[in-house]
Every structure is written in C-alpha cells, then in structure tokens.
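Input: a single structure, listed below in structure tokens.
The values are calculated or read from the model by the stated rules, or taken from the named source; none is laboratory data. This structure is a prediction, so every number in the text was calculated from the model and none was measured. Here the Cβ is made from the backbone with ideal geometry for all residues, glycine too, and neighbour counts use every protein chain on show.
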Ligand SMILES: Nc1ncnc2c1ncn2[C@@H]1O[C@H](COP(=O)(O)OP(=O)(O)OP(=O)(O)O)[C@@H](O)[C@H]1O
Ligand SMILES: Nc1ncnc2c1ncn2[C@@H]1O[C@H](COP(=O)(O)OP(=O)(O)OP(=O)(O)O)[C@@H](O)[C@H]1O
Ligand SMILES: [Mg+2]
Ligand SMILES: [Mg+2]
C-alpha cells in the first residue's frame, strides 16, 4: 500500500442507523497521514459509531471510504483494517474476559496457521512495553480479574503491540492516572512524528488541545466542523458541540463539613477474587457536607473498597459504621434504606439492567415500597411520573421513559444511574468514577449534583483516577496504593505533582508522613 | 470368570459410550465457537440412516461412514444458514431441526420399506469379541474401530482447543464474538466451520450407533442420545476430557442397569434403568460449577 | 344389525380403519406385522378399503378413532391392548360404527357394535416354551421383553412352564428392556443373555426386536420369532417363528361382517390360532418332528402343562 | 394496488401483525412442502390438506383434543418461560409433568372424598410433585453451581423411568393387559365448562393462569425483580434485590405449572397414566416459550402448536400418509418462520414499512 499518500483516510457521506436511531447522517471526514485528530462531541453524537465503521466492524448504510488511497469494498472488515495497519482501542472494551492478558493482546496477530505461538518471545516484548508505560498487571492474569482501569490499559497495550499506523483511540484516558495520560499523549506525539496518524476521541478538551493538530466536532450524527487547533479555543469547540453558550467550569464554593462522622470505616480488610487482601486494614471517615476523594491508580483496591462499602463484596475484617450504627453485617437493602447510595464504576455491570426500560431502572431499588407499589403491585402511573421528573430534572435524553436502557447513549445511561442514586433521601454517596466517559456538559452536571448533595448535608466519597476532578470537588483527598492509604491531603495542600507521586507509591518528602504507618490516615486532622 | 465379567462390562460401556462421545464432541466444538448445537439429535439421526443406507448399497461399512459424513455435511450447511448467517435463535432452531430430521429419516425409511429393502447393513466388527477382552490388548481388539477414532478425536480436539493458536482463536469466538470480530477474525466463517464440524461429528455418532453397534435402522432410533450428549458436555464443563468421562460414566450406568437385572432381585426393572441418570446426577452434584462459553447461544449479527 | 349391513356391504366398498401405536407396522415387531398381514388379507381378498393410522400415541387414540367414526367408517380396528382405554371410551359414543379389538380383551364396551378377537397369550407362551425347550442345547433360554406389562408376564409364564415341561432342568432368563423401540438397548440385553449362556432367545417386543437378532448373529444364538414368520428379517439366526394367525382372525371378521352375522362378542383365540413357521433346516429333522407333535398335542389340549403366573418376573 | 402494497408493509411492521403474517406465510410454505411429500407418498394433496384442518378444528372430538393439547402446551410453555426470564433454562418440563400426573393419579385413585376436594388435592399433589422434581436441579444449581441443562435433562429421563415403574408396579391396573394405572373414577374427572359444551375446564384454568402470569411479570414488584435478576444479576443485587429468593421462586413456579399440566391432562383428558400416555408437551414447551416471548405470546403460539399437533395427526390417520409427515409438518413451519423473520429481506421490508 502507498503509505506516503497525504490523505490517510477519507470518509464521505457516511450514514448509519440502529433501528430507529439515526446515529450518523452523512458525515464527511479526512484524516491525513501524520496528524493527530481529536474527535469530540456529546454523548451519543456518533463518534464511536463513525470510528467503528472506519475500523470495519459496522457496515455504513451509505457513504464510501478510502484508506491509504484505496477504496474500501463492501467486504471492508476489521481483518482488512488491521492489514491496512489501522488499530482501534474500543471504548466498551473488546477483550475476552476469561482469557489471559497475553492471549488477548496477541489475538490480532495470531493467524490460523500459527499452531504454536511463540509465547515466550511475545511475553518478553510485552513485559518491556508494560514497564515502559507503567502498566501494572501480570500478563498471565485473566482479564476479568482486572479492574476496569487495568482493562483499559490492556486495550492500549494491545493497540501498541499491533503496530498500527492509524490509531483510533476511543476515550483512552478515561481511567488513566495523570502520569499515564501524559505518557500516552507523549507517545501519541512521538508516533505522529514518526508519521503515524491518530484519531483521539475524547471528552476532555484540554487533552484535545494539548496534542491534536485539528479537531473534528460531531453533533447528533452530523459533522459540524473541522478546525485546526491553532485558530480555535475550547470555548468555541464547546459551543459547536452543544450548540449553545457554555460557561467555563465554575470554582465550587464548598461548605464546611459538620463535625460528626457520617460514614466511618475502621481497619477494613477486603479480599479480591483470589482471596488476596485487596484492601488492607483501611480506615476513613466521611462527615456530613463533606466530599472526600480517593485517588489512586486503577487496581489498587478502590473497586474492592467501594464494593465492600455498599455491600456487594463481603469484608474480611474491620467495621463499617453508618451514622453511628454498625453496618458491617447489613444487607445491601438495609444499607440502601439507611441512605447509602452507590454510583458504580462499571455501570453496564452494576448500574443498570439493559433490557429494562429507563423508568424501571430508575425505581428498581425501591419499587418494593410505597409509593411505587402497594402490596407488591406496581403503580405504573407513579413510576412513570417519577421517571418523567427524573428525566426532566437530570436532563436524560431518551425517546421515552419506556425505552430500553441499553439503547441510551452512555452519557444518558450515566445520568440515569446518577438520578437513581440521588433520588429519595441519600445520606452517604459512594461515587466510583462518576463522570467516566461523559461529555463535559454531563460531567459538569454530575459534579454539580454531587456538590449540591453535599451542601444539603450528604457525605460523599468520590473514587476517581482523574485528579482535576478530585481537586475540584473534594475537601480531602486520600491516596490509595496497594490497598492502603499512603497519603492524605486537605484542600489547601492539593498539588497534582505530589498526589501523582503518591499514587505511584513514592512518598515525597514534602508530603505529609505519618508516624504509625498508615493506620489512622484517613481520619480528619 | 470375574475377569471375563469385567471384560464384557467394559466393552459394553465403550459400545454405549462411543456414539455419545462423537455427539458430545459435536456439541463441544460447536459451542466453543459460540453456537449451541441442539440440532445434534437430528444430525445424529440422519447420520445413522445415511450410514446404514450407504453401507447396505455399497456393502462396505466404511462407505457407510463416508455416507454419514456426507449427510452430516449437508445438515451442517443447513444449520449454518439458520444459526450463523440469518441468524435465528439457536435453541428453537435446534429443536425444530430435530423434528424435521426425524420426519425426513422416517419418511425415507418408509419409502424404502414399501420398496421392500432389507436394512441389515454390514457392521464394523471388532477384531474379536469380548471373550478375548480379558487383557487390555484384548479389550482394545474387542471394540470397534469407531471407538478408537472417538477416543482419538477427543485427544485431538483437546490439543487443538487448548494447546494451539487456532484453538485460542476458536474459543475466542465462543467467548466473545464482538471481541473476536474486533481482533480481525471472521466470526461467521469460524462459526460456519464449527457448525459443519459439529454436524459431521454428530453424524459420525449416528454411524457409531448403527454400524458400530446395531447395523440397522428404525424410526427415531437415536432415542434422545443427542440430548444426553448435550448434557454430558455441560457436565464436562465444555472440556473434551471431562465430556468423555461423562459419556463413559453414563455408558457404565447403562451397562450396570442391564446387568443388575441379572441379579434377579424382585425389583421392578425400571429402578435399575434409572441408574445411568441417577449416577450422572450424583456425579454432577459432586462436580458442581460448570461455566459455558459466554457467547454460546447468542446470535451474532453484523451491524 | 344384519339387515343394515348387507346392502352397505354390497353397494359400496367397506371402509375400515386400523390404529397402530407404532410407526411402520409393516416393518415393526412380529405382532404388528401379523396385523399387517391381516390388513393385506382384508384389502386383497375382500376388497376392503383400509386406512392405516400409525404412530398414534395412546393419548391420541380415542380422538383418532372418533375421527374415523365421524368420517363414516364402517369399522375401526384396534390391534393393541394398549388401546383398550380408547376402545372402552369411544365405542359407546358411536353405536353406528363397529369397533373391534384384535388383541387381549377382558370386557367389551357397552355398545351394540363391538367385538374382540383375544389371543390366549398363556397358550401362545406355552407353544414358544415347547419350541425353545426342545431347541436349546445349553439348557438356558433368554426371554427379552419390552415393558413388564401383564400381557408379557402371562406369556412368559406360559413359556417358562412349557419349557420346564419338556426340559425340567431348563433355566429361563427374563429381562426387560424398558421400552419397545430402542434397538441398541435390545441388542445389549440379548447379548447379555447370550453371555450368560442362553442359546435360544425369544424377543417379545416392538421395533426394537431387530437389536436382538443382531445380538444373536454376533453371539451365535438362535431366535424364536414372535407372532409372525420373521425369517426374512434375520435368516441366519431364525430358528422358527411361533405365528399368531391374525389373518385368520381378520378373515373371520370380514366373513362375519359381510354376511352380517357379526355380533357383540369376545372370540378367545386359543392354541388353534397359533402355529409354527417353517424351520428351514434350522434343527435336525427328528427334533422338528418332536416339536410339531407336541404342538399338535397342545392344540388338542393333551398336554398337562400347569398354569402358573410368575408375577415375580415383572418385579414390583 | 398501491393500497395493498401499503397494507402489506403495515402488516410487516415489527410487532404482532408482522409475526402473524410471517406465521401464516411459513405455514403456507410448509403446506406446499407437505403437498409434495404426500404426493410422493401417493396420497392426494387435497385430501391431506382438508384432513389436516378438519382434523384440528372440525367435529367435537377434534376441537376437544386441540383444546386439551393447548392446555398442556401453554402451561409447559410458561414452565419454561418464567424460569427462563430469571436465568434458569428449564429443560425438565417433561419430567415434572410426568411425575405430576403420577402424583395426581395416586391421589385420585386412593382418596375417597367429595369431588371438589379430591380434584383439588390431586392437582395440589401434581403441583407439589413438579416442585419436588425441579428441586434437585435447583439445589444443585444454587449450592453446587451445576448447570441446569444437564440436571434437568437427566431428571427427564429418570422421571419417565419412574413413571413406567409406577404404571407397571404399585399403581398398575390389575385387569389391564398393558402398563397403565386404572382410569380415574368418573366422579373426580374434570367437568367441562360451560357444562354440556365439552370444553375442558382446564382450558379456562390455563387461560387464567397465563393472564395471571402476564400480569405478574409486567405489573408486580416480583415480576420486575424477576426480569431484573434475569437481565443483569449483579446490577439487581447491587440494587438490593434478593436475587436468590426471586430466582428460586421463579423456578419453583415454572415447575409447579409443569406439574399442574400433568395433573390437568390426567383428570381432564387422558384419565390414565400409562406407557406412552403423554406426548412431549414438556419439550414442545421450549420452542413455544422462546417463540412466544411473553405469557400471552405463549398462549397464542401454544394454540398454533396445538392445532399443528392434532391437525397433522389426524391428517396422517385419515389419509394414511406416513407418520413422518407429522414431524415434518411440526418442524418445518418453525424453521421457515425463524428463517423468514431473520432474513435480510424481511428486515428491509420492515425498515421500508417504517
Ligand atoms: N449498537 C447500537 N445499538 C443501538 N443504538 C446504538 C448502538 N450504538 C450506538 N447507538 C446509538 O447511536 C448513537 C451514537 O452512538 P455513539 O456511541 O456513536 O455515540 P458516542 O459519540 O460514541 O457517545 P459517547 O460520547 O458517549 O461515546 C447513540 O444515540 C447511541 O444510542
Ligand atoms: N447491541 C446494542 N443494542 C442496543 N444498544 C446498544 C447496543 N450496543 C451498544 N448500545 C448502546 O448504545 C450506546 C452508544 O454506544 P456506545 O457504547 O459508544 O455509547 P457510549 O456513550 O460511548 O458509552 P459510554 O458513555 O459508556 O462510553 C451505548 O451506551 C450502548 O449502551
Ligand atoms: Mg462512544
Ligand atoms: Mg462514552
């Protein structure tokens, strides 16, 4: 193939609809060799769909594409895409849960003739790559045993290992640490300079502006504009995305927390799939009106801690106290009743039932009690009413409350999850990656909601691998490493560098040390 | 005498297990690529008839085997069209397919009978009969070649699925069609091959039932053996070795059930005839936990 | 009754229907094959138009019979004692139609037009016993039954007693397969009996019988065919067959129906309705001779064979 | 002309209308195939067709039979559907039905009490038996994580053997020549309703139960929980739904219905349990459930299957074509229906129709 054609890919008049949803409507897009192109748009704008088509997994209803100057046929498929050295990092991972990392990463290379793959050779190379990019997982681990964050890393590894010349990354930085994000972006620049082309789908405009040469904006399945980065600014892009004026991030006015602890965790020990202690004698306190952040590289026990708090995962030791009552042995229902709410990291797994309608999903955790049901019989009108309100209040974009949850775009799915978590009268909210994969409008919105709740006297525990988020939202940030808290900073001490180091396990001299190890870290000073 | 009893018993077990093993493999390789092969019963049935006919007309049992394979191929292509390309619900399709196969075989059989054809086919005989099966070598000689082919295929499929690169790809398609597609596999082609291979094996199961066991045909002569094979696969955790074990266990149960009648305890024979199923159930209870490939049974349509 | 039947018989063909519970009676076990021969007789010798229902589950029999009655058939024939329930249920509802049971029958439904030709299974069993008892060299006889139903218990009891009568030291193995159709299981059971020394096998079961022939072929035993001359099914192993002369029963039926003197009754068909098929040299002349004498004696009721029902062989 | 095109498009729009259209189309196509076969078998296709439909729908007996089939098929369909929704694939309907019938027979034959009481107790016994049978696979699934596919299939075979053991043993009819229980006494057979019409009362029971099930699934808390657990168990658990209890209830409910089907068939249709007394209603329940998709769908599909069943059987009986055509005619329509529904041709039409 002639690699040096200026235009790497050109797409013309691409249309795609899923059932009744018109995901793409005549989109044109050109990607020239050796450029980094940011692809931005609201949730559900069609970014993923467009790139999935380019990668050959979806067939466009209409339109044509040329790749490296060659017209793609009807038989355009991922196989051919890979041959043409296009690689795609999928947003909803394309990994095989119970195969090992190694097997997953190797799959695209394996042919039907490689009876005996050279595992050792590959393993060596891959270990190198892992070290280079600071990925932290054993190659022999089964993917399903990894946290979502690590799975994201596996996807990146897969892509890198494929040696593609056109890289499509669909929200790659969603769960990376600042350091990893930085490394990744640097890597992209390096690749760009080596003549690779990159399409970067992201909701973080700062990333887009950091690396992209030009930015393409999609809105509701249409191509709005493609502008060189230089002669544009985030504000303008934002405007194009949502088609209305967008006020830049406000600086929150956080209210002072109340003294009494609302959620108290003492020496909590939680095991992971293999019964190794993933959370190791952790203690923390969340007070009313307080937002406490937990920072850390994905896979350092955040998932286990969060799940243990809400009762999905059983604890092996320690105590959980909610509003003064020992909740360690409570059922999930009991905790829910006590006002403990959960915004899960992986909404598709813990947050929603795709087959059920939006309305049903919104009330599913309390449909067994009035007003939603009397003596076990659902009261549809009430539910529909509640759904309507939530849709209104949380701006969920859906054809109707009866739409199956799975047909909503992820952004709206997340809004629904949030709506459910905040409904009723929450007292403690455990929010795990609450804004992951959301466009900035949605992100702002979710954050605002969390702050609002806190202001109303709710205690909020936010897990996030996005430092800005935590630094923006929280009174205190706890840094988690290898199942323990190795550092705590209060709002005035916030500093990306410090926290970043702590996240990688290095305690900087400036950072606050604690005599008796990590035991009583997490208690407010 | 004691030894002789065991020799007879073991060869009986192998006889009963062989058709099951073929069919179990047929379900397994298919399911590992994501298609739940409920049609195994039907493929087995058409295979059985084809084997008998081919053997009768050619006079050579091995031609019978070939005939079974031919028909198995045809059945496989039909199933492929339905479950891979359209794609339809695999369970319903499978069950309906079984009915159709029952109809077709029984129809052909009827026409033959009206034509006065005698369906006593030349059998694939064992080198010697169970009398000599007192030594291992004897036992080896006392079962039909198909039994050995079955055992061989178990080994082959195990090595292929779990020890080779293509095997990895094959299993990937069964675990996640989407991810495999993303990794550049042609899900439809892989599944096509899988379904065809599955039907071929099932048809061989039919051949083993007839040529390897009772070289004749009657209506619906498989009598739900396909479903027992299906159960064996789930029981065997979708693993060739364990599935084989399951089939042997079941065969043993059946052989025991018959021999128990010889004891002449005044018990209703049906309590003995329950044996194979009860034994299997107890084994399942002991084994527990069985996980099927995640995408098995889920149609994959390209969007 | 007579007055109405006659004209019917003359102007239009007689329309009869027969309901088989198994598929393909022409090829099934001997019992149904005998009925098939009977049907052929009706068709060819009396020009009747006979419709055959096959593979009718017992649950469906009543409905099927009723269907025929409503279609205006003259007779509906049940060849299978398993259809007794339907026989009793439907007949009273269609007094205009004749319902005939061509199998064991204790009591008739209360309807003017019902009849039964009921073979005496014990006598039949005795005849089998004579043949087997004479033919066996090892002194061990194998009886393979489909399902341990009273009919088989009776039949096998007759066989056991008769075998003992002609050969006191005889040992009779009775195994039940559990169904009438699974060829493979039949083969395994017969093979088992052969392993245990049986050299004469008598299978009384359905389409599964083929399996027993196969086992006999493999194990070098002989088969006594059931109910019809089964020679063609397995020439090498067929000792002889003890025939139930069903064609004769059907002819009786036809004659009486045409002549209009068919009436509500149970015909108990004893040994005179049974007979032996050609031995075709499967046994030495003198043995054959002996057997035939015994059979004649039996038919003339000259053999003092006790009537003992061995309930125990069916288990409990 | 144009109008017809429009109406055709309307009919093909996804939903009940289109399913019905496709169903008709597939039946017609299979009828064509049937004609060819019956011609090969030397019967007049026309006769075969008429026999087919008359056999299912004309005459008292035909109708009663069809309705009785319908009862069993609907209940067995639900017996698959409800557990399926909760994530349990109940292949064991047949076994549950057989043992249910045996239990009902045991009661009806032994218990002497006023008619309604006997009937009630018998049916309850059937239900209990169904539950008993499923409890083995259920416990194995819950405690040992064993796949229900294996266990329910095994239970099916075991249960049939048990049924045979009963009808040739303890429950056998002394003056019968074959393996059967005595007929259940007149006084405890199910009446027809409305009286004199011969419509089996079971029909109404089945309809009521189906409607009830539909209501349960769609508009009760339990139904919502059930669908949630089946849809995404972790999420359901995270939402505080007692997944295991809901799951168990659903499975037991299904088995209970299968058992009940056995009881109803015994007391209202066959009156005896005997060798080969039942048809593979339990197995047929699977396609019915998966095609129907929801309780009301099961009711409709069940009726279609019942008509196919009785129709094809009487077709064979009245024309003497090979019984093979029965199976052919029960399998083909389903295959063709599925094929049509999945075909690109149809989806194109459906899209055009929108
Ligand atoms: N497989 C699918 N089935 C049905 N609808 C789909 C499917 N994939 C996408 N859609 C719909 O198409 C539209 C575009 O989806 P797409 O994933 O391209 O949006 P996106 O820009 O990637 O959103 P996000 O920013 O959240 O990733 C959305 O409305 C979505 O609901
Ligand atoms: N097969 C499908 N049928 C119906 N809806 C689907 C299907 N596949 C995906 N979807 C939905 O379409 C939406 C858009 O596709 P996509 O997964 O890109 O959304 P997304 O907004 O990017 O997801 P997220 O925001 O979680 O990253 C998804 O949220 C998904 O739930
Ligand atoms: Mg996307
Ligand atoms: Mg997203």
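Below, the figures for the structure above:
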item: Filter result for the condition that a residue is farther than 24 Å from residue A:307 by Cβ and either away from chain D (no Cβ under 14 Å) or within 16 Å of ligand 4 (Cβ to nearest atom) (or both), over A:359, A:388; result: A:388
item: Unique residue being over 21 Å from residue C:56 (Cα atoms), in contact with a helix residue (DSSP H, G or I) (Cβ under 7 Å, 6 or more places away or on another chain) and surrounded by 23 or more Cβ atoms within 10 Å (Cβ to Cβ) when the list is D:228, D:274, D:214; result: D:228
item: Helices (runs of 4 or more DSSP H) wholly inside the range A:305-417 containing at least 1 residues that are in the same structural domain as residue A:279 (by TED's automatic domain parsing); result: A:332-337
item: Any hit, the range B:162-172, residues being more than 7 Å from every other protein chain (Cβ to nearest Cβ), part of a helix (DSSP H, G or I), out of contact with any helix residue (DSSP H, G or I) (no Cβ under 8 Å at 6 or more places or on another chain) and within 20 Å of residue B:40 (Cα to Cα); result: no
item: Identity of the residue in the range D:28-58, within 17 Å of residue D:303 (Cα to Cα) and surrounded by 16 or more Cβ atoms within 10 Å (Cβ to Cβ), that ends up modelled with the highest pLDDT; result: D:52
item: Residues satisfying the stated conditions in the range A:25-49, i.e. within 11 Å of ligand 4 (Cβ to nearest atom) and either without any contact (Cβ under 8 Å) to a residue 12 or more places away in the chain or not in a strand (DSSP E or B) (or both); result: A:42, A:43, A:44, A:45, A:47, A:48
item: Filtered residues of the range C:200-241 (kept if outside any helix (DSSP H, G or I), crowded, with 23+ Cβ neighbours inside 10 Å and within 8 Å of chain B (Cβ to nearest Cβ)); result: C:207, C:208
item: Residues satisfying the stated conditions in the range C:41-55, i.e. more than 7 Å from every other protein chain (Cβ to nearest Cβ) and touching a residue at least 12 places away in the same chain (Cβ under 8 Å); result: C:41, C:42, C:45, C:46, C:47, C:48, C:49, C:50
item: Within the range B:84-100, tally of residues that are facing another protein chain (nearest Cβ under 8 Å) and either in a helix (DSSP H, G or I) or at pLDDT 90 or above (or both); result: 9
item: Close pairs (7 angstrom Cβ cut-off, 6 or more residues apart or separate chains): at pLDDT 90 or above in the range B:271-282, not in a helix (DSSP H, G or I) anywhere; result: B:273/C:178
item: Of the criteria (1) part of a helix (DSSP H, G or I); (2) touching a residue at least 40 places away in the same chain (Cβ under 8 Å); (3) at the interface with another protein chain (Cβ under 10 Å from one of its Cβ atoms); (4) closer than 26 Å to residue D:70 by Cα, which one residue D:260 fails; result: (3)
item: Neighbours by Cβ (under 9 Å, 6+ apart or cross-chain): first from the range C:305-316, within 7 Å of chain B (Cβ to nearest Cβ); second outside any helix (DSSP H, G or I) and exposed (fewer than 15 other Cβ atoms within 10 Å of the Cβ); result: C:312/B:264; C:312/B:266; C:315/B:265; C:315/B:266; C:316/B:266; C:316/D:170
item: Residue that is more than 16 Å from ligand 3 (Cβ to nearest atom) and either more than 28 Å from the chain's Cα centre (by Cα) or buried (at least 20 other Cβ atoms within 10 Å of the Cβ) (or both), where the choices are A:393, A:347, A:384; result: A:384
item: Selection count where residues are away from chain D (no Cβ under 14 Å), surrounded by fewer than 24 Cβ atoms within 10 Å (Cβ to Cβ) and not in a loop (DSSP other than H, G, I, E, B), scope the range C:124-159; result: 3
item: Top-ranked residue in the range A:31-45 [being within 13 Å of ligand 3 (Cβ to nearest atom) and over 15 Å from residue A:86 (Cβ atoms); ranked as nearest to the other protein chains (Cβ to nearest Cβ)]; result: A:44
item: Qualifying residue in the range A:72-88 (condition: crowded, with 16+ Cβ neighbours inside 10 Å and over 23 Å from residue A:157 (Cα atoms)); result: yes
item: From the options D:123, D:109, residue that is surrounded by fewer than 24 Cβ atoms within 10 Å (Cβ to Cβ) and out of contact with any strand residue (DSSP E or B) (no Cβ under 7 Å at 6 or more places or on another chain); result: D:109
item: Positions within the range A:55-64 being more than 10 Å from every other protein chain (Cβ to nearest Cβ) and crowded, with 20+ Cβ neighbours inside 10 Å, in sequence order; result: A:60
item: Set A:48, A:52: member being at the interface with chain B (Cβ under 10 Å from one of its Cβ atoms), out of contact with any helix residue (DSSP H, G or I) (no Cβ under 6 Å at 6 or more places or on another chain) and within 16 Å of ligand 2 (Cβ to nearest atom); result: A:52
item: Elements of type helices (runs of 4 or more DSSP H) in the range A:82-175, at least 2 residues being within 24 Å of residue A:72 (Cβ to Cβ) and over 17 Å from the mean Cα position of the chain (by Cα); result: A:148-162
item: Of residues in the range B:219-231 being in contact (Cβ under 8 Å) with a residue 12 or more places away in the chain and either surrounded by fewer than 23 Cβ atoms within 10 Å (Cβ to Cβ) or within 8 Å of another protein chain (Cβ to nearest Cβ) (or both), the one farthest from the chain's Cα centre (by Cα); result: B:219
item: Subset of the range A:429-445 [more than 10 Å from ligand 1 (Cβ to nearest atom) and either in a helix (DSSP H, G or I) or not assigned by TED's automatic domain parsing to the domain that holds residue A:463 (or both)]; result: A:440, A:441, A:443, A:444, A:445
item: Any hit, the range B:251-260, residues being more than 10 Å from chain D (Cβ to nearest Cβ), farther than 30 Å from residue B:176 by Cα and in contact with a strand residue (DSSP E or B) (Cβ under 9 Å, 6 or more places away or on another chain); result: yes
item: Which listed residue is more than 19 Å from residue C:132 (Cα to Cα), more than 8 Å from every other protein chain (Cβ to nearest Cβ) and out of contact with any strand residue (DSSP E or B) (no Cβ under 7 Å at 6 or more places or on another chain), from C:187, C:251, C:167; result: C:251
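Each row is one residue, and each column tells you yes or no for (1) within 8 Å of another protein chain (Cβ to nearest Cβ); (2) farther than 30 Å from residue A:303 by Cβ; (3) in contact with a strand residue (DSSP E or B) (Cβ under 9 Å, 6 or more places away or on another chain).
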site	(1), (2), (3)
D:184	no, yes, no
D:187	no, yes, no
D:198	no, yes, yes
D:212	no, yes, no
D:217	no, yes, no
D:220	yes, yes, yes
D:244	no, no, no
D:247	no, no, no
D:253	no, yes, no
